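Q: Right, I'll just put the structure down here and ask away after.
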Protein chains: 2
Amino acid sequence: MPEAAETPVTMDKIVSLCRRRGFVFPSSEIYGGLGSTYDYGHYGVLTKANIRSLWLRSMVQERDDIVALDSAVILNPRVWEASGHVSGFSDPLVDCRTCKLRFRADKLEDASCGRKPSRHPGETPDCDLTEPRQFNLMFKTQVGAMEDASSVAYLRPETAQGIFVNFKNVLQLARRKPPFGIAQVGKSFRNEITPGNFLFRMREFEQMEMEFFVPPDQAERWYRYWIEERLNWYLDLGLRESNLRVREHTPEERSHYSSGTSDIEYRYPIGWQELEGVANRGDFDLTQHTLHSGTKLEYVGPDGERYTPHVIEPAVSIDRILLAFLCDGYDEEVVGERERTVLRLHPKIAPVKAAVLPLIPRNEEMASRARNLFEELRRHHVVEHDDSGQIGRRYRRQDEIGTPWAFTIDEQTLEDDTVTVRDRDTLAQERLPISGVRAWLDEALERPWRSPKAG
Amino acid sequence: MPEAAETPVTMDKIVSLCRRRGFVFPSSEIYGGLGSTYDYGHYGVLTKANIRSLWLRSMVQERDDIVALDSAVILNPRVWEASGHVSGFSDPLVDCRTCKLRFRADKLEDASCGRKPSRHPGETPDCDLTEPRQFNLMFKTQVGAMEDASSVAYLRPETAQGIFVNFKNVLQLARRKPPFGIAQVGKSFRNEITPGNFLFRMREFEQMEMEFFVPPDQAERWYRYWIEERLNWYLDLGLRESNLRVREHTPEERSHYSSGTSDIEYRYPIGWQELEGVANRGDFDLTQHTLHSGTKLEYVGPDGERYTPHVIEPAVSIDRILLAFLCDGYDEEVVGERERTVLRLHPKIAPVKAAVLPLIPRNEEMASRARNLFEELRRHHVVEHDDSGQIGRRYRRQDEIGTPWAFTIDEQTLEDDTVTVRDRDTLAQERLPISGVRAWLDEALERPWRSPKAG
């Protein structure tokens, strides 16, 4: 096993690998792009699908107390009045009367003046800034054929409100009582003034939020439970413990209605940043929607007991999880005289589970045995067949997309019906009967996996 | 096996079942809803996830020639200029000077005047209609902090254009050459003036589109191939042949650039309507984007051969597929002296694969055996455990959500370690060893399924 040297991972290296291997492309690239918007390529789609389905599996399939929901992106605009987003979901902006650009008043040090050469607006006498005013981060649009105030609607900036307004439906129809949760995966949109850092902060992103409704006196206990549960989810999927930490918000940082918020932070190349937030939202949301809608969102027990549940919310975006896995898995090492780049992803996260490679593709027997194995495996898993180029190049291509295993059909296969299986992390090779490959792969995918860089 | 009487399925019955069992809720209901917008509940989410994953499986996992993409909802607005959507994606509208409402000029017969009692505007002297003008169906918004023309952007009305603008990326990085395809699943948005018919026409819907790029002289062949392939996909998933047909558009109906378009139509309760469209789009899209972007979107072969591929596009929405399955599967029948409503869904489409039911839940031994079986099965499939109410009621609940099998733990289980398996369609019951249930279910899910109503 080669020594896993610790190489500093930079965002540039991640961006470059993503572009080179087709995980992520800058969006609308042929038209010069669109700031901080990205399109996911084949391997990005496959990896995101794994993250999504593992989250849903742990939240819904393997539990009794959480159901799924998929609410609309454009909700009745009164939802956002009740939630406080219309009045309060905003950043302070200043206009520069000289260069006519707008900047975030609380982030002037990050801004560049529109006059070349670029200067910090706060520092130059050229800049004549207005007083800050609040800029709402919700994308606005109009629904229907009329173009007046009555048709204004918003793209949701979070999926959570779609859950709160369906609380009563689920309570009645799913025959639930607190503690129970509602989980949702879907896109949210925020007109960020300063998006950036690749997938970390984008104007559209795919959220995975779960609102867990509990009796008020159990809120603190469930808040702690969900922090622990979510942290373990990342650890079980192989993120290194040394790159994860829980940071509890100070009372000043918290929303006024929250009695506790913790970030599960990941050590991205840009530093420790929020990966997932877990918040104790109290009864704020259900109370607000009760007030604004006139529909009582409360739990009434069979014995007449009656209360507004408190809400614990673990909320994350698939994009940030993907970025964390890419950063955690990225490795460069020297093997013999060669360098390789390898993505050490948990096999359940890896976009391709195995590659099937005929050693000498022009050998018809090898080609046909490889093809048959590939056809068998792909009925059960996402696998690749690659018969183009030197075997070493083919291995390195699979290493870069994080494929945990490669099955190679070689001369010996034609003699004894065995294949070589090569391990991405250790580079160990062993031989398996070709008839046993499928069962071997099924079982290998269920084994616990730990990063060789975990130390 | 009870006789499967043919009951007329109405949209009202489908809407009512969806509401009652938590497949679909009117969106933002506590705020009076939002026209033609729906939220999917637990079973809706699970069923849609099955449809999505079966489509991706058939398009990507089981083929060599199609890769996946997930492009942004808000693209650079020049994309929509090039595609023709800014100038041409519109309906003709008229204003009524009397009631101040707007109507589709080409659908006046469906419109209701705002003056009560409702009257058809075209028929009443009260209505004073303006000349028709074009109303663009794209939702408009603004990106960034400036609110002027330069910041205008659109929500995508289709996912296809995100594919075309990534053609070159995929060609280079996925090492593909025509014929090859790019598949995408994601939400699209259209500001329909007359949405309606439940899930059939909504303002936001989840598209599944695949653009298949071929050498020009193979276009006609691949067009026929994809019509056949997609039709068979529905038949394999158990939609009744008598409810499906292919209708080729007349030259007058087709887009000017299309040399062939066919609808796979389904016989919904509202009549034969487009389920999926398969279009031969020629080289229109790649040519337009080449002209507008200045980036040549063409294929150059190793021997210098050079052409703009033609595009075959099968395009459908998950929502319409779900509606078709619900309509096709909905059945009411009399069994003995009882009526039951049953959703006869293909097991791969059914949201829940099996129910585990202790016959007498207060019997501790039965309860614990049921719980153990449930825990084992849910590691592999979406299953339910139900221990509340009479066994007959529990069966009927599962029938209504389309669960193909129920495993019941009863007195005999405690004696001989067998359980009863009840078949949703035939109501046949047989006994299985409890230790073999998992393997039985795995295998049952792979069996072909045909609707007992297929005749």
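Q: Might you let me know whether the range B:104-112 holds any residue that is at pLDDT 95 or above and either more than 11 Å from every other protein chain (Cβ to nearest Cβ) or under 30 Å from A:F139 (Cα atoms) (or both)?
A: At the first step, the residues of the range B:104-112 found to be at pLDDT 95 or above are none.
No, there is no match, as no residue in the range B:104-112 is at pLDDT 95 or above and either more than 11 Å from every other protein chain (Cβ to nearest Cβ) or under 30 Å from A:F139 (Cα atoms) (or both).
Q: Among the residues of the range B:310-345, count how many are closer than 27 Å to B:G196 by Cα and not in a strand (DSSP E or B). Quick ask: steps written out before the conclusion?
A: First, pick out the residues of the range B:310-345 that are closer than 27 Å to B:G196 by Cα: B:313-332, B:341-345.
Filter once more, so that each one left must be not in a strand (DSSP E or B): B:318-329, B:344-345.
Count: 14.
Q: Also, I was wondering about something else. Find all pairs meeting these conditions: Cβ atoms under 9 angstrom apart; at least six residues apart or on different chains; first residue within the range B:428-455 and on the phi > 0 side of the Ramachandran plot; second residue surrounded by 13 or more Cβ atoms within 10 Å (Cβ to Cβ).
A: If the second residue must be surrounded by 13 or more Cβ atoms within 10 Å (Cβ to Cβ), the pairs left are B:G455/B:A4; B:G455/B:R240.
Q: Additional query: Check B:V342, B:V382 and return the single one that is out of contact with any Leu (no Cβ under 7 Å at 6 or more places or on another chain) and hydrophobic (A, V, I, L, M, F, W, C).
A: Numbers: B:V382 fails: out of contact with any Leu (no Cβ under 7 Å at 6 or more places or on another chain).
The conditions single out B:V342.
Q: For the range B:58-75, name all the residues that are in contact (Cβ under 8 Å) with a residue 40 or more places away in the chain, within 7 Å of chain A (Cβ to nearest Cβ) and not charged (D, E, K, R).
A: Matches in the range B:58-75: B:V67, B:A68, B:L69, B:S71, B:A72, B:V73, B:I74, B:L75.
Q: While we're looking at this one, here's another question. A:L244: farther than 30 Å from B:G44 by Cα and surrounded by fewer than 18 Cβ atoms within 10 Å (Cβ to Cβ), yes or no?
A: Details: farther than 30 Å from B:G44 by Cα: yes; surrounded by fewer than 18 Cβ atoms within 10 Å (Cβ to Cβ): no.
Taking the combined requirement at face value, the residue does not satisfy it.
Q: While we're looking at this one, here's another question. Tell me which of these B:R340 doesn't satisfy, since it passes every other one: (1) surrounded by fewer than 22 Cβ atoms within 10 Å (Cβ to Cβ); (2) touching a residue at least 40 places away in the same chain (Cβ under 8 Å); (3) more than 19 Å from B:W405 (Cα to Cα); (4) in contact with a helix residue (DSSP H, G or I) (Cβ under 8 Å, 6 or more places away or on another chain).
A: For B:R340, the exception is condition (3).
Q: Looking at this structure, is A:L286 surrounded by fewer than 20 Cβ atoms within 10 Å (Cβ to Cβ), in the same structural domain as A:Y43 (by TED's automatic domain parsing) and under 30 Å from B:I30 (Cβ atoms)? Walk me through it before giving the result.
A: Working: surrounded by fewer than 20 Cβ atoms within 10 Å (Cβ to Cβ): no; in the same structural domain as A:Y43 (by TED's automatic domain parsing): yes; under 30 Å from B:I30 (Cβ atoms): yes.
Answer is no for this residue.
Q: I would also like to ask the following. Among the residues of the range A:358-376, are any modelled with pLDDT of 95 or more, within 11 Å of chain B (Cβ to nearest Cβ) and not in a helix (DSSP H, G or I)?
A: Checked the range A:358-376: no residue is modelled with pLDDT of 95 or more, within 11 Å of chain B (Cβ to nearest Cβ) and not in a helix (DSSP H, G or I).
Q: Follow-up question, since we're still on this one. Can you find a residue that is closer than 25 Å to A:G196 by Cβ and among the basic types (K, R) anywhere in the range A:265-288?
A: yes
Q: Name the pairs whose Cβ atoms lie under 9 Å apart, with the first residue in the range A:298-312 and free of Cβ contacts under 8 Å to residues at least 12 places away in the same chain, the second among the aromatic types (F, W, Y) and in a strand (DSSP E or B), and 6 or more positions between them or separate chains?
A: That search, which allows pairs on different chains as well, returns A:V300/A:Y307; A:E305/A:Y299; A:R306/A:Y299.
Q: Only one residue in A:W80, A:W55 is under 30 Å from A:R267 (Cα atoms) and either crowded, with 21+ Cβ neighbours inside 10 Å or more than 7 Å from chain B (Cβ to nearest Cβ) (or both). Which one?
A: Details: A:W80 fails: under 30 Å from A:R267 (Cα atoms).
Residue meeting the stated conditions: A:W55.
Q: Let me ask something else. Among B:R245, B:R221, B:R254, which is the only one that is assigned to a loop (DSSP other than H, G, I, E, B) and more than 16 Å from the chain's Cα centre (by Cα)?
A: Values: B:R245 fails: assigned to a loop (DSSP other than H, G, I, E, B); B:R221 fails: assigned to a loop (DSSP other than H, G, I, E, B).
Among B:R245, B:R221, B:R254, only B:R254 is assigned to a loop (DSSP other than H, G, I, E, B) and more than 16 Å from the chain's Cα centre (by Cα).
Q: Name every residue in the range B:48-83 that is over 19 Å from B:V316 (Cβ atoms) and assigned to a helix (DSSP H, G or I), in order of residue number.
A: Residues satisfying the conditions are B:R78, B:V79, B:W80, B:E81, B:A82.
Q: Quick check on this structure: which one of B:V45, B:V86, B:V15 is outside any loop (DSSP other than H, G, I, E, B) and more than 26 Å from the chain's Cα centre (by Cα)? Outline the logic, then answer.
A: On the way: B:V45 fails: more than 26 Å from the chain's Cα centre (by Cα); B:V15 fails: more than 26 Å from the chain's Cα centre (by Cα).
Answer to the selection: B:V86.
Q: Would you mind listing the strands (runs of 3 or more DSSP E) fully within the range A:121-199 where at least 3 residues are within 9 Å of chain B (Cβ to nearest Cβ)?
A: Working: elements: A:133-136, A:140-142, A:152-154, A:180-189.
Hits in the range A:121-199: A:140-142, A:180-189.
Q: Does the range B:405-422 hold any residues that are surrounded by 14 or more Cβ atoms within 10 Å (Cβ to Cβ) and either of a type in the set (G, A, S) or in contact with an Asp or Glu (Cβ under 8 Å, 6 or more places away or on another chain) (or both), and which are they? Can you show your working first?
A: As a first pass, look at the range B:405-422 and keep what is surrounded by 14 or more Cβ atoms within 10 Å (Cβ to Cβ): B:405-410, B:412-413, B:418-422.
Listed by number, the residues that qualify are B:W405, B:A406, B:V419, B:T420, B:V421.
Q: Of the conditions (1) in contact with a Pro (Cβ under 7 Å, 6 or more places away or on another chain); (2) within 17 Å of B:N166 (Cα to Cα); (3) at pLDDT 95 or above, A:S36 fails just one. Which one is it?
A: (3)
The values are calculated or read from the model by the stated rules, or taken from the named source; none is laboratory data. Remember, predicted model here, so these are calculated numbers, not experimental data. So basically every Cβ, Gly included, is an ideal-geometry build from the backbone, and we count neighbours across all protein chains shown.
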